[in-house]
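Engineer: First the structure, which I've put down as structure tokens, then a few questions once you've had a look.
The values are calculated or read from the model by the stated rules, or taken from the named source; none is laboratory data. These figures come from a predicted structure and were not determined experimentally. As a convention, Cβ positions derive from the backbone with ideal geometry for all residues, glycine included, and neighbour counts pool all protein chains shown. Protein only, heavy atoms only, side chains kept; ligands, DNA and RNA dropped before computing areas. Shrake-Rupley method; radii C 1.70, N 1.55, O 1.52, S 1.80 Å.
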Amino acid sequence: MSLQNFIRALRAPSDPPKMGGPLKIEIARQTWNDTENNVPSKAETITEFILTNLLKERDKQRESSVTDPRYWELLLDVIRSRSSSITTVQKTWLVPLLNRTPIAPIVVSLLDLAARADVVSLQHIIAPASAVLRTLWPLAVPKMSVEILLHCFGAFVAATFNISRHLDYFLDIGKLVSSSLRNSFNNSSNKKKLQGNFVDTHLNNWASALYTLGDDASDTCFGLYTTGRDIIFNGDTLKASIGISSAKTVVSALETSPASLALLSKLFQSFVQVLRKNQALSGQGNLSAAEIRASSMRFFASCDELISRSPDTLAREAHASRLSLLLIVENDALLGPVQSESYQTLQRLASACVNTLRAAPNLPHASIILQCLCVISRIDHDLVKPSISSLLTHLLRIPCEPHPAAISAVEFLSQCTRYHSRARSLPTLISEISTALSPQRTTSSTSEMYACAAASPMFSRPFTALLSMSVRAFVTPGQVLQLTQDLLSTIKEAWNGYEALAKKAVADYGHGPRKKARRSMGAEEVDVAESDVDSAVLYFSLVARLAASVLPALPIHTVSEDVKGRIREALDTSLQVWTAGALEISECITNRGDWRRDMWAADVGLAAGLRLLYALSRSTALDIVFTEVDGLCTALLTVARRADILPELFVEISRILLTRPGVTTESGFNDIFELILSHLESHVANSSLWTGRLVDLTVTGGGRWQMAVALLKLVLDRALLIVELKGTQDQLDRIVDLLFKSLPQNRACYEDGLSLFSVVGECLRSAQFWEQPRLRASLLSSAGTRLKVLDKVDMDAVRDSRTQSLALEDVGLSQGLVAQIAEGLTLLLYAPWEYLSRWARADILRRAVSLDMILASTALQDDSTEPLKESRTLLHRLFTQAGSADHSTAEDYLRHLLHHPKVFNGDDVTLGIVAVHYLTLMRAAENGVEGPLVTLIDSLQELTISTPQSKDEETLIEKFLVVVMDHFSLASFNGTVTGKLRMLYECVSDNVKHWLQQPAAFGTPRDVLEKLSWLRLYDQLSRFGAWLGRDDSLAPGLADKLVSLLLKSSDKDLPVFQEACQIVFQSQLSELAIVAISKRMLPENLDALVIRAMRSLSSEEFGGCLDLISEALVDPHLGRSLETVVRLGSVLLSGAPEGTLKIVQLQLTRWIQLFVDYKDFTANPLVRSSTLALVSKQCTDRPASVRSMNMAMIWSLLGRMLTSSRSHEPVPSPEVFHQIVSIVGALVRFRRDLVLDTLPHLCAVLRQLIMCLRGPRPNLGAKQYQVVADSLPSWIDPRAPLGAEESSALSRLLSTLATKNVVRGRLGPNEPQRAESLARPLSKHAAYVLQAYIETVNDPLCAMSAAVRDGLRPGLLVLCSMLNEHARDALMASGLDVAGRVAMKAVWGEYEKDRYVGQG
């Protein structure tokens, strides 16, 4: 088709141009795809056609080209025809075309369509449209006005609510529009008008868009908000906002919606930041900090006004927004000292929050309201002080933790406590709290109110602990007496009210002097009296709880003795009155004929008094000896014997009678302890979870079952010593029996409560329990009794049985007996073995082995597996602590484990037991008793033949190979054992080879991971072959196959994949070593192969190889292979690919740190040589890989190599000296920039090198010879000291110090590349190096041969050249003795002779 016909078809008035013909878009697509028809300017013509069509049909609602993906796809193909970016040739026609055909209306049309259309229908349009706009928008945007861009931005934010956040293509359009608008707006001169247009038209859509996107971390959301922020808060608008707060207009323009409420805090934060950033906005000069704070708080008031208008349906969002605003006020310190209006705003806000909580304290968002009050309190506590009194009363109705409101309430109370602590006004806070506890009318029952109030945040453990600590630390000496008197007065008032009402109620029911009043009183009046009694006892109980937290913490050590006496007397008198009165009321109600109605109040009152008595008597600070109430013990026991006693009261009575000295006699202890034991024995089987709060121990609702947990906690935690001293043997046995029964109960871990299992477990982990001899003896005796039934079992029949072929009845056991045995085993797991005698351990071991063999030989049920697990755990602990499995049934038990492996296959505990038995038999064979080990090897060989593909047998054989290789060498065993080991290797290797040769062995990557146990066995078998001295490969080429499969795996994040990679890598290294040995390859040739392979890897793959080396360097099982790993690491670093310098630097730092930390790298001769070779090669060949952080580690490594040693190696290693000299020389030549910062370290190493050239003088005595030998490194033989070759090498190094060199590291762009030497910097340190030489020469026990001195002479002269006369004289005067000065003059004289003076 010619160009003329093509254009005529596209510009035809109808579509299609010919009736029944193709559409215009189809013609354009066909022409574009036809590569043989070279129509001139084809791309420009099609682009103009599409853009024109999109522009014309932008207002159509249906069948528009904007909604047709064919237009967008073709346009995308056209503009991307030559490259992914716009070329210069395309710009010549595309930019003028975009100037003629604006794309902004097209974008607006597309976004309007997105706001109306279904999201699913947009997916085929948005993707190509976004790609087109990413190319065309940067070319078209320079010609767009800011008003047009704002229109596009408005269309985008309006469409956001209809688009899922997962449509990334739509978000890309938003990024383009928002960034363009932001740049254009910043360059606009009419910002104020644009801001008004944005606020009036697009503000609420913008807020909705931000709320819809939601992710503050996304680029789109951030750019969207930044654009709107720059428009709203700019210089032109803020000039007016300082005075008349035009920002108030912005807030008033927002609708009351979740989106607007979520936006307020961001707007407020931005307003504050912009004000502080642009302090010169006012025409009269810079804004002061006070003006900025005032303007910010006016904006805050506007925001709070919008929040106040929100409906009840948005209450949670409104309070969350208010909390965010308050946090900004707090963090930015916006409330200034002179801001009365702002102060009143926050005070009204605090009152509103308190009123909301007073109306409904259990609101779902009560925690947010309390957090608002916390923030206001931190801003200025005086803001909430007027509302605290009314708020504290309603905090009693907030549920306990972990309710969010309770956590916030505790934070608020803690904030109040800290404020009053700083102000030294804690008595005021305590008075407000006690006032808030006064009785109030409530629709709920008094018992429910009591349970809620006692568990409320007001009495939570965090707050009461903080209050007690604050009272102890911050109550002044002048406040102690008054605080005590006020609190006792409040308690007395509450007690008098309760006592009067209680006695009146008792008299009204027919007892006492007002007996006739009952006949004339109506039923309604009686109910009112009962309610009053309950309210009064509630008030007394809560005030007593408060006093129990405050009074024991009084700092009476700060007051005079007279005040102390008055306080103690007042407390003693008050407690006598309350305790005796509460007992009297309880006895009266108990003796009454109709007593049940008021019994709850009497029990709560008595419990409150006892709780306060216990708290005060246990206080070490008060140190009060209370006067005993006559008959207290007997009266309390009488109350405790009641059948329907309140569980809370029973626990309080038990605590008083068990723990308070002087109250409990022998008979009294036995009586109360019998009651406790009876209750525990009747409820231990059905005990439930207890929260730890005594108030939850009610008569109904499982309170008595929870009381069992509380009582056991009391006995084991608080009264353990008393039980040990005063308990009878029968009582101790009953307690131990309860421990056994409690351990199997409720084994689940509870974070929000206590169970019998958790209480007993905590006790058994305590040293205090095991230090009680009577309890310990009773427990161990009971455990032995439970296990003693195993002695009657015929173990011969068990050994002869097949796997799981017996029933429990066949061996004389039952499920009940197994349960008893399990109880004994469970408790013995907690026992410290130091408390068990040797014979007790032997009996436990023998019976645990018997139980293991019995249970593994019977058909296990679900409830029988737990005893087997516990017995093996117990055995594993015994064997591990003993270090061996040397017992009489070791061979039988090991045979049993080998033939019953299917019980808990792969269990680490079972494998640990097997490994200890393996090790025991191997040590016996090493000592000459090889029979059991030979039998074991035969059993393993039979096991391999009978079940060649069992996972359990693989694990057992693998464990055997690991134990023998880790603990022994081939020379440890005689010929019989060695032959059996070789036969085992042949048998297992044949089996493995047969399995690996199967086609389906490793067909897919999933097979490699699923059959990891076979790979482990293959890896250990390869190591075992090398241990036996074999040099053949089990499966040549297998490692390469596995590598290709692992590279295709999609499970690379799984731990099994990482393990498989390590095994395959080790296999590759093994095969590489085998090939090298079999082909007699030289190490250099093998290194070349590895280096060539490394240079073909990517950076990630190369880094992974170095990571494997790092892991291998710290592997404790490497042993003799460590030298090979270090050498391999050096080879890998030599073959580093391009662009991996940072990886090399990181790994080199890690390796040098390992060389310094682990002595294996410096003590082992072979490893030491490889280590120095690695460092030397890097410093010489790749000096840029050495960084400043490496220098200290390198000097430390060299210093450790040169340090003196008391023992010396049989074969000296003078090459160590040359390697150290090579490393130092390379650093001096190539990394002078790094050496400059560590010159003292350099000189220290040079001194040590000079000292190494010494040798002992002839004919020295043994002690003198040993002194010289101990001063030399371990790699130097004192009988053959270093010679002239080493001194010459050191001399060359000293000469290098004065040689100019160029740094071969990464320098900055402005750092010059010029040759310099270390002569001038070393001039201050060279004297100390010379001093080392002088000391060596003058040492009376050492000698330095003439050849060594001659070889060292050039280097010494270089050092002299660095010294000036002042440094020389200082050395002569203070650093040398008389002989040293003579030697120094001789050296200096030689230097003067050879020095060039400029003549001739």
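Engineer: Heavy atoms only, probe 1.4 Å: what % of the accessible area of the stretch 1153-1243 goes to carbon and sulfur, would you let me know?
Structural biologist: The computed percentage sits at 56.
Engineer: Starting from the amide H of Gly1255, placed 1.01 Å from N in the peptide plane, find each other amide H under 5 Å away whose residue is 5 or more places distant or on another chain.
Structural biologist: Placed amide hydrogens put Ala1343 under 5 Å from Gly1255.
Engineer: Enumerate the calculated ³J(HN,Hα) couplings along the stretch 182-187 in order (Karplus 6.51 cos²θ - 1.76 cosθ + 1.60, θ = phi - 60°), each rounded to whole Hz, writing x wherever the residue is Gly or Pro.
Structural biologist: Running phi through 6.51 cos²θ - 1.76 cosθ + 1.60 with θ = phi - 60° gives 5, 5, 5, 5, 4, 9 Hz.
Engineer: Additional query: Got a sec? Which residues in the stretch 694-738 would a label at Ala643 touch, if it sits 7 Å along Cα→Cβ and we count backbone N under 15 Å?
Structural biologist: Correct set: none at all.
Engineer: Given H placed 1.01 Å from N in the peptide plane, which residues other than close sequence neighbours of Leu1318 have an amide H under 5 Å from its amide H?
Structural biologist: Excluding prolines and chain starts, which carry no amide H, the hits are Thr1299.
Engineer: Which of Val1348, Ala1284, Val1303 sits closest to the plus end of the dipole of the stretch 1249-1400, meaning its Cα is farthest towards the positive end, when Lys and Arg get +1 and Asp and Glu get -1 on the C-beta?
Structural biologist: Farthest towards the positive pole: Val1303.
Engineer: Got the relative contact order for the stretch 1283-1386 handy, in percent, Cα pairs under 8 Å and 6 or more residues apart?
Structural biologist: Dividing the mean separation by the residue count of the stretch 1283-1386 yields 39 percent.
Engineer: List, in the order given, every pair from Lys788/Lys959; Lys42/Lys175; Lys1300/Lys1385; Lys1142/Lys1300; Lys56/Lys143; Lys792/Lys959 whose Cα-Cα distance in the structure shown is over 24 Å.
Structural biologist: Beyond 24 Å between Cα atoms: Lys788/Lys959; Lys42/Lys175; Lys1300/Lys1385; Lys1142/Lys1300; Lys792/Lys959.
Engineer: Next up: May I ask you to order 1225-1232, 1199-1206, 1152-1159 by the average number of other C-beta atoms within 10 Å around their residues, highest value first?
Structural biologist: Top to bottom by mean Cβ count within 10 Å: 1225-1232, 1152-1159, 1199-1206.
Engineer: Accessible surface of Lys143 in the full protein assembly, 1.4 angstrom probe, to the nearest 10 Å²?
Structural biologist: Near enough 150 Å² of accessible area.
Engineer: Mind ordering 644-657, 378-391 by average Cβ neighbours within 10 Å, highest first?
Structural biologist: So the peptides 644-657, 378-391, ranked by packing, come out 644-657, 378-391.
Engineer: Which whole-Hz ³J(HN,Hα) couplings does the stretch 1122-1128 yield from phi under the Karplus relation 6.51 cos²θ - 1.76 cosθ + 1.60, θ = phi - 60°, glycine and proline marked x?
Structural biologist: 3J(HN,Hα) across the stretch 1122-1128, in whole Hz: 4, 4, 5, 5, 5, 5, 4.
Engineer: Apply the a/c threshold of 1.5 to the C-alpha gyration tensor of the stretch 1285-1377 and tell me whether it is rounded, prolate or oblate.
Structural biologist: Since a/c reaches 1.5 but b/c is at least a/b, the shape of the stretch 1285-1377 is classed as oblate.
Engineer: Turning to a different aspect of this structure: Given a 1.4 angstrom probe, I'd like the percentage of the accessible area of the stretch 365-476 that is carbon and sulfur, rounded to a whole number.
Structural biologist: Taking all protein chains in place, the stretch 365-476 shows 55 percent carbon and sulfur surface.
Engineer: Right, something else. As a test of reading the structure, rank His1218, His394 by solvent-accessible area (1.4 Å probe, protein chains only), most first.
Structural biologist: Final ranking, largest accessible area leading: His1218, His394.
Engineer: Would you pull out the residues with amide H under 5 Å of Leu754's amide H, same chain only if 5 or more places away, H placed 1.01 Å from N?
Structural biologist: Trp690, Thr691, Gly692
Engineer: In terms of the Cα gyration tensor, with a ≥ b ≥ c the square roots of its eigenvalues, is the stretch 1331-1399 rounded because a/c is under 1.5, prolate because a/b exceeds b/c, or oblate?
Structural biologist: oblate
Engineer: Provide the per-residue ³J(HN,Hα) series for the stretch 1329-1334, in order, calculated from phi with Karplus coefficients 6.51, -1.76, 1.60 and θ = phi - 60°, each as a whole number of Hz, with x at glycine and proline positions.
Structural biologist: Each residue's phi maps through the Karplus curve to give 5, 4, 4, 5, 5, 4 Hz.
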